[in-house]
């Protein structure tokens, strides 16, 4: 029988740098757009003004530092003879963070192509774009690699968590829209 508590903890621990990376551009982003205001061949913005160089850099940096902190905690809290139930590294934190923001950029690119304006919702995809990017890119990192159960747990937990944190950020005045 699967130890569900372990599986949920592992899934959250693994994806946490992506959560941080995805949230930081909302808080500390702004400035120059990644696409520099350029248009794609279809005359529409490539990503849009909400995807900024500073937001991307802050997100990847914060997520990577989160991965570093996780690695430190895993290795400093456990006794020397204790075998950790899973491994984690700052490299995984970096790759997962980078994947999260690349997934968000890909999602913005697609939304512009299908005529969804910046800030308009695309339910489910808006909540899962960053974790899909994080999961996909994580397979390029050294182990640990995710199994199907861990991926399902991440997706199932992320959907309501992302919706709730967006509403909280909206109520706190950090976001202009609750999605």
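The values are calculated or read from the model by the stated rules, or taken from the named source; none is laboratory data. Small disclaimer: the values here were computed from a predicted structure and weren't measured. Please note: Cβ atoms are built from the backbone with ideal geometry, for glycine as well, and neighbour counts cover all protein chains shown.
In table form, for the structure just shown:
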| item | result |
| --- | --- |
| Matching residues in segment 32-57 - criterion: being touching a strand residue (DSSP E or B) at 6+ places or on another chain (Cβ under 7 Å) and without any contact (Cβ under 8 Å) to a residue 60 or more places away in the chain | 32, 33, 35, 39, 51, 52 |
| Check on residue 74, over 20 Å from the mean Cα position of the chain (by Cα), without any contact (Cβ under 8 Å) to a residue 24 or more places away in the chain and not in a helix (DSSP H, G or I) | no |
| Test result for residue 59, farther than 25 Å from residue 6 by Cα and modelled with pLDDT of 95 or more | yes |
| Residues within segment 26-56 that are at pLDDT 95 or above and part of a helix (DSSP H, G or I), tallied | 4 |
| Qualifying position, being touching a helix residue (DSSP H, G or I) at 6+ places or on another chain (Cβ under 9 Å) and crowded, with 18+ Cβ neighbours inside 10 Å, among 55, 30 | 55 |
| Any hit, segment 86-97, residues being under 23 Å from residue 37 (Cβ atoms), surrounded by 14 or more Cβ atoms within 10 Å (Cβ to Cβ), touching a residue at least 60 places away in the same chain (Cβ under 8 Å) and within 14 Å of the chain's Cα centre (by Cα) | no |
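Let's see how each residue does on (1) in contact with a helix residue (DSSP H, G or I) (Cβ under 6 Å, 6 or more places away or on another chain); (2) surrounded by 13 or more Cβ atoms within 10 Å (Cβ to Cβ); (3) at positive phi:
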{"site": "157", "(1), (2), (3)": "no, yes, no"}
{"site": "160", "(1), (2), (3)": "no, no, no"}
{"site": "170", "(1), (2), (3)": "no, yes, no"}
{"site": "173", "(1), (2), (3)": "no, no, yes"}
